[in-house]
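Below: one structure, written as structure tokens.
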Amino acid sequence: MTVYDIIFYLFALISVGSAFFVVTLRNIVYSAFFLLFTLFGIAGLFVLLSADFIAVVQLVVYVGAILVLILFGVMLTSNITQVKIKTSSLQIIPSAIAVLILAFSLIKIFLNTNWKTVPLTVQSSSVEGLGVLLLNQYSVVFELIGILLLIALIGAASMARR
Amino acid sequence: MHITESLLVKIALVTLFLPLIGFIVTLLFGKRIKWLYWFENSILIIIFSLSAVLAYLKLTNFTDQTIISEFQWINLGNVPFLKTITIELGIMLDNVTVIMVLAVTIVSMVVHIFSIGYMKGDKRYNRYFSYLGLFTFSMLGIVLTHNLLMMYIFWELVGISSYLLIGFWYEKKTVSDAAKKAFLVNRIGDIGMFLGILILVTTFNTFSFDKIFYQISLGNLPFGTEFGLTLVGVLLFCGAIGKSAQFPLHVWLPDAMEGPTPVSALIHAATMVAAGVYFLIRIFPILSGDALLIIAIIGALSAFIPATIAVTQNDIKKVLAYSTISQLGYMVMAIGVGAYTFAFFHLITHAFFKACLFLGSGSVINAMHHEQDMRNMGGLRKKMPITYVTFLIASLALSGIPLTSGFLSKDGILVGTFAFGSLTGNWWFAATGFLVAFLTAFYMFRAIILTFHGKPRDKKKYEKVKESSFVMAMPLVVLSILSLSFWYSLNPFNPEESKLLSNWVKPPEISVPQSARYDFMKTETEKVNEVNLKEEIIYSSAYTEAIHHAHYPTLFTSATLAFLGILFAFILYQWKFIDPDKLANKLKPVYLLSFNKWYFDEIYYATFVAGTIGLSRVINFFDNKIVDGIVNGSASVTRYLSAFTGKFDNIVVDGFVNMTAYLSGLLGLFFRRFQTGKVQSYLMFVIFSIIILLYIFK
Amino acid sequence: MIHIGLNHYLIVSSLLFSLGIFAVITRKNAIMVLMGIELILNSANINFVAFARYGNFGLTGQLTALFVIILAAAEAAIAMAIVLNIYKMFTNINVDEIDTLKD
């Protein structure tokens, strides 16, 4: 058991465990905060996969932006004056069975497949490589994504104002 | 800068797509932004410069190369009954293409500029320019394409833009009728072309010209016979008949003159109608001898009949329209007798002087406040000197007077027919050619004398006539200068000496099997190793010799006939030694035949249109008497039967129906539970289904 | 003890995926559904990055993950706008009560 393994198990536990709480807790604000830990754990996993830039983006965009957005949503749509910010669930038992079977099958498929892997190499920072890819091979996609974000921005603003 | 093939391809692509941008922008924003027609016009100037650069680079740096740039668009994989089909899109640049692109952009540019003045004050001004842009785009597409699929697509695109432009003033009934007629008559030809393309594609599994030619030169023929090849050639030629307004589908072109005059100059004289001839030039390598003979006959008929009609027409644009058909017939006939290079040469020269003539007539019509009848004109020479001089030069070119471009190219075609006659003993084509040359000179000068010479016959309108403005006069001058011979050949009497023909445009290698060719086109095997003269490898030495011998007799005959025609026109209409009306009375049947356009419209009306109506009458009668009789008879029988079945229905069937309904209701009540309208329960079903599928297809 | 490899990451991601699905199909609150979707997207991202690391694809996998994050941001913004509109119309955002399409 190396240090790498320990760190991996730590982050995996953080993300899966808090994801479990996200899904099961009845108080939506608690759920949102546990989601923060999940996303943080996933960022840690990204670092372990030597995807440093993606990890940073995960922190900035998910933890910094999307989560705040979700919290705003919670605040705007619930009656905060009544302390009861609790939500209920439905069809729990059949869904739990379905999801368990699903998870089981997925894991079985992943383990049974003989993945074609290459030996690990020590990777340097991926920022430079990503930048080169973005501005050469994927420049059109990059531009399109920019336009899409603009459209989403305008669309969200105009819909929310109505 | 180093000049590469990819640079040329890039220039060609930019030239192709800029007019499309112009079309879209002008169409979308033209209503709001009034000055947008300048955008369209500047695009035309840009693509003209680009195509000039393209032609220069291609003709100097890659004189003998054919540049093909293609990419795979669709891979249809394994199609049942056929082999694998992939569809490639691409462009081909050879010398014919770049010269044609240059001609199209020049004519298109001057017509755009002319239209600024001609269409002034029209309420759909920008819309008009956007249509012109669409047309330029599609015409360039036809010229640049290297495969039949794109050819067909752009073929239909020029059809639609021609329809839109003929019917531009659609508020008038005759205009919208003319547009519809043009569109429908073209469809008849296109069906043939479509069948031809289908046969080629199912045989060779490709759309590209070069691959099809290669397969045929290997000896793979459609249906495995030479007849199949002839059939394909004739079917493809049907498309050219429609688009180039050849006999018997020529009836749409005179009616198309209802459109704005610059449109007639661009589409119905210089470029689109020439697309048919261009298409024949493209598919020339696969035209078998029999197909070529049919093409030559159709071409000769279309050269002769409209020329006789043009002699008696009074509408200035109708004269020009029939003359266009006649000249296109010339080109088609030239293809048919194997005079490939001269056909192309005439295509280019004709584009310039015919566009000039149409724009000149547009200038006259505009000055006369939309008066098109030559009987009400006359004496305009003094009021409109620029229009007169340019119109005169272009008419001289059309008549084939030495020192003009028309003389060179028409002489070339006549030489071709003459040589064909001397080699095969078939002199009809040469005779038709000379006769038409005479008629052409006659009717063109009849038009000039009636319009510009003599005394004004409509004083009121004559007083108001002014020379056209700069934007309208400048295109005329440009085009008339392009109608002079020195652009094409420094020796004004020999088209073969021009750089265009001797260096740039050469007959392609014929793919047709030896046995299916004309005798004089057979490859002489012992000559194959001589590299110096490409024509001699493709055409036999006998042909080259015949061309050489035919040259001087033809030259003198055609020039003499042209002068005779002009002289005859002056005798009849200027000096009035013979009164034309009396002559017409003496030759009444001939005159009436010509004046009524050989009754083509009437014949078509009496046969096809009336046939359709008559057929529908017969069907109507059949319906009314026989079918209705049967129906009525069966009705009474049915009534008795229904009385019986009514009772049966009420008791037995209704019982069943009600029971079924009850059962369905029960089932519905059950299944309704699944349709909760809740997203999440639907999702549940999705998850379960995924799991089930996962284990089924493991 | 096996050294940490591709399979470990895949297991984590499939667990997160299943939890996300669970949230989407059980929770009534629309915002909770949204959180479930974020979990699903993140599990996909882990797969992309893990395959990029252990497979022979260079950085393309990471780039795809980046695009997924960007799309998730856009999706979250739009979804929030929709949720706000629904709240205005129905005064609640319970997915199971919004079933006017049924009639």
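From the cross-link list B:120/B:382; B:460/B:576; B:181/B:597; B:123/B:181; B:173/B:464, which pairs have alpha carbons spaced over 27 Å apart?
Working: B:120/B:382 25 Å; B:460/B:576 25 Å; B:181/B:597 17 Å; B:123/B:181 25 Å; B:173/B:464 29 Å.
Correct reply: B:173/B:464.
Count, for each residue of A:5-18, the Cβ atoms from other chains sitting within 10 Å of its Cβ, then give me the mean as a whole number.
Details: counts 5, 1, 1, 4, 3, 0, 1, 9, 1, 0, 9, 6, 0, 1.
Mean number of neighbouring Cβ atoms from other chains: 3.
Run the helix sum for chain B: -39,500 (n - 2.57) per DSSP H stretch of 4+ residues, divided by residue count, reported at 222 nm to the nearest 500 deg cm²/dmol. Walk me through the numbers on the way to the answer.
Working: 29 runs with 470 residues, N = 698.
Value at 222 nm, helices only: -22500 deg cm²/dmol.
As I understand it, the value is the acute angle between the Cα axis of helix B:470-482 and the longest principal axis of the Cα atoms of chain B; what does it come to in degrees, rounded to 10?
Helix B:470-482 and the main axis of chain B meet at about 70 degrees.
Rounded to the nearest 0.05, what FRET efficiency is calculated for residue B:544 and residue B:29 with R0 set to 51 Å and r the Cβ-Cβ distance? Mind showing how you got there, number by number?
Details: r = 57 Å, r/R0 = 1.11.
After rounding to 0.05, the efficiency reads 0.35.
Applying the Karplus parametrisation 6.51 cos²θ - 1.76 cosθ + 1.60 with θ = phi - 60° to the phi angles of region B:322-335, what ³J(HN,Hα) value in whole Hz is obtained for each residue in order, glycine and proline being reported as x?
Once rounded to whole Hz, the list reads 5, 5, 4, 4, 4, 5, 5, x, 3, 4, 5, 4, 4, 4.
Test of understanding: extend the Cα→C-beta vector of residue B:191 to 7 Å, then name every residue of region B:607-640 with backbone N under 14 Å from that spot.
Under cut-off, by backbone N: B:608-609, B:612.
Going 7 Å from the Cα of residue B:509 along its beta-carbon direction, which residues of region B:280-297 have the amide nitrogen within less than 18 Å of the resulting point?
Output list for this probe position: B:282-288.
Could you calculate, for chain B, the ratio of the Cα radius of gyration to the Kirkwood radius, expressed as Rg to Rh? Don't skip to the end; give the middle numbers.
Working: Rg = 30.7 Å, Rh = 28.1 Å.
Value, to two decimals: 1.09.
Points 7 angstrom from Cα along the Cβ direction at residue B:428 and residue B:315: gap in nanometres?
Once both label points are built, they end up 3.2 nm from each other.
What share of Cα pairs, in percent, lie more than 44 angstrom apart in the protein assembly as shown? It would help to have the intermediate numbers written out before the result.
Working: 246947 of 463203 pairs.
The share of Cα pairs beyond 44 Å in the protein assembly as shown comes to 53 percent.
Where in region C:23-50 is the amide nitrogen less than 20 Å from a point lying 7 Å along the Cα-to-Cβ axis of residue A:91?
Residues C:23-40 fall inside that zone.
Taking every alpha carbon pair in chain A, what does the distance histogram look like in 10 angstrom bins from 0, in percent?
That works out to 8, 22, 32, 27, 10, 1, in percent per bin.
Spin-label point model (7 Å from Cα, Cβ direction): what's the residue B:457 to residue A:2 distance in nm?
10.4
How many nm separate the modelled label positions at residue B:608 and residue A:144, each set 7 Å beyond the Cα in the direction of the Cβ?
Label-label distance for residue B:608 and residue A:144, simple model: 4.6 nm.
Hey, what angle do you get for helix B:5-29 against the long axis of chain B, alpha-carbon based, 0 to 90 degrees rounded to 10?
70
Suppose R0 equals 45 Å; then what is the FRET efficiency for residue B:601 and residue B:686 from their Cβ-Cβ distance, rounded to the nearest 0.05?
On the way: r = 66 Å, r/R0 = 1.46.
Taking R0 as 45 Å, the efficiency between residue B:601 and residue B:686 is 0.10.
With axes computed from alpha carbons, what is the tilt in degrees of helix B:125-144 against the longest principal axis of chain B, rounded to the nearest 10 within 0 to 90?
The helix B:125-144 is inclined about 90 degrees to chain B.
May I ask you to list, by number, the DSSP H helices of chain A whose Cα span along the axis is at least 20 Å and whose average Kyte-Doolittle hydropathy reaches 0.0 or more?
On the way: long enough: A:3-24 (31 Å, 2.00); A:28-48 (30 Å, 2.40); A:92-112 (29 Å, 2.23); A:139-161 (33 Å, 2.04).
In chain A, the long hydrophobic H runs are A:3-24, A:28-48, A:92-112, A:139-161.
Only helical DSSP H runs with n ≥ 4 go in: add -39500 (n - 2.57) per run for chain C, normalise by residue count and round the 222 nm mean residue ellipticity to 500 deg cm²/dmol.
The helix contribution divided over chain C gives -26500 deg cm²/dmol.
With r as the distance between the Cβ atoms of residue B:656 and residue A:76 and R0 = 51 Å, compute the FRET efficiency 1/(1 + (r/R0)^6) and round to 0.05.
Numbers: r = 59 Å, r/R0 = 1.15.
Efficiency computed from Cβ-Cβ geometry: 0.30.
Read the figures in this text as sums done on the coordinates, not as results from a lab. Nothing here was measured: the structure is a model prediction, and the numbers come from that model. A quick note on method: Cβ atoms are made from the backbone with ideal geometry, for glycine too, and the neighbour counts reach across all protein chains shown.
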